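S.K.: Below is the structure I would like to discuss, written out as structure tokens.
The values are calculated or read from the model by the stated rules, or taken from the named source; none is laboratory data. Given the structure is predicted, the values throughout are model-derived calculations rather than measurements. Cβ placement follows ideal geometry from the backbone for every residue including glycine, while neighbour counts extend to all protein chains displayed.
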């Protein structure tokens, strides 16, 4: 899809699969050709203490977004909200297709070695909402407490929160979190998780410290 790069945060760049920069003067593509920028953060995995900078991917699932018919406001919000946690080095907007979602999640986890992947969209009851199904294909273990915390917090604001099918889980050393597609839902749900994410990622990377309150 064509995407106006004015919505990229300062200092971020997207890359073609071939490795070329998408400069601010370019319109570029952030669909299936979108890849990762290792200049934003180091690639090496390993033990990281709380407070460390993590490598993050943002994956937006939207048929309209993939066709260039909708600006990815929710993805932009996610990139801004995790700025203090780490660097968004991978970003794509793709259609609601299970096979494509599975491919990207596996690639970002196994090949790119990301610490955290945030998805937005496709968690509701529409026939095209398939993000949870794709995520369950990929993950090794679920982290149900995170999904439950998001639903519980959202239920205090709207009864529609009980319709969310969002999944949170682990693939190897990568934490994958499904978030809603709406800008408001993304902002409110990620805000619930942010206080716990540094500790969660540190433990996932092998931090030997005790899990104290």
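S.K.: Would you be able to say whether some residue in the range 112-132 is over 14 Å from residue 63 (Cα atoms), without any contact (Cβ under 8 Å) to a residue 40 or more places away in the chain and surrounded by fewer than 15 Cβ atoms within 10 Å (Cβ to Cβ)?
M.R.: no
S.K.: In this structure, is residue 173 in contact (Cβ under 8 Å) with a residue 60 or more places away in the chain, within 17 Å of residue 80 (Cβ to Cβ) and more than 13 Å from the chain's Cα centre (by Cα)?
M.R.: The answer is no for residue 173.
S.K.: Take the conditions in a loop (DSSP other than H, G, I, E, B), buried (at least 23 other Cβ atoms within 10 Å of the Cβ) and modelled with pLDDT of 50 or more and apply them to residue 105. Does it pass?
M.R.: Here the answer is no, as residue 105 does not meet what is asked.
S.K.: Quick check on my filter: what residues within the range 182-213 are surrounded by fewer than 22 Cβ atoms within 10 Å (Cβ to Cβ), within 16 Å of residue 75 (Cα to Cα) and either in contact with a strand residue (DSSP E or B) (Cβ under 8 Å, 6 or more places away or on another chain) or free of Cβ contacts under 8 Å to residues at least 24 places away in the same chain (or both)?
M.R.: Listed by number, the residues that qualify are 184, 190.
S.K.: Which condition breaks for residue 90 when tested against (1) in contact with a helix residue (DSSP H, G or I) (Cβ under 6 Å, 6 or more places away or on another chain); (2) more than 17 Å from residue 54 (Cα to Cα)?
M.R.: (2)
S.K.: Tell me which residues, restricted to the range 137-157, are without any contact (Cβ under 8 Å) to a residue 12 or more places away in the chain and either surrounded by 15 or more Cβ atoms within 10 Å (Cβ to Cβ) or in contact with a helix residue (DSSP H, G or I) (Cβ under 9 Å, 6 or more places away or on another chain) (or both).
M.R.: Once the filter is applied, which keeps residues that are without any contact (Cβ under 8 Å) to a residue 12 or more places away in the chain and either surrounded by 15 or more Cβ atoms within 10 Å (Cβ to Cβ) or in contact with a helix residue (DSSP H, G or I) (Cβ under 9 Å, 6 or more places away or on another chain) (or both), the range 137-157 yields 152, 155.
S.K.: Same structure, new question: Return yes or no: is residue 99 in contact (Cβ under 8 Å) with a residue 40 or more places away in the chain and part of a helix (DSSP H, G or I)?
M.R.: Values: in contact (Cβ under 8 Å) with a residue 40 or more places away in the chain: no; part of a helix (DSSP H, G or I): yes.
No.
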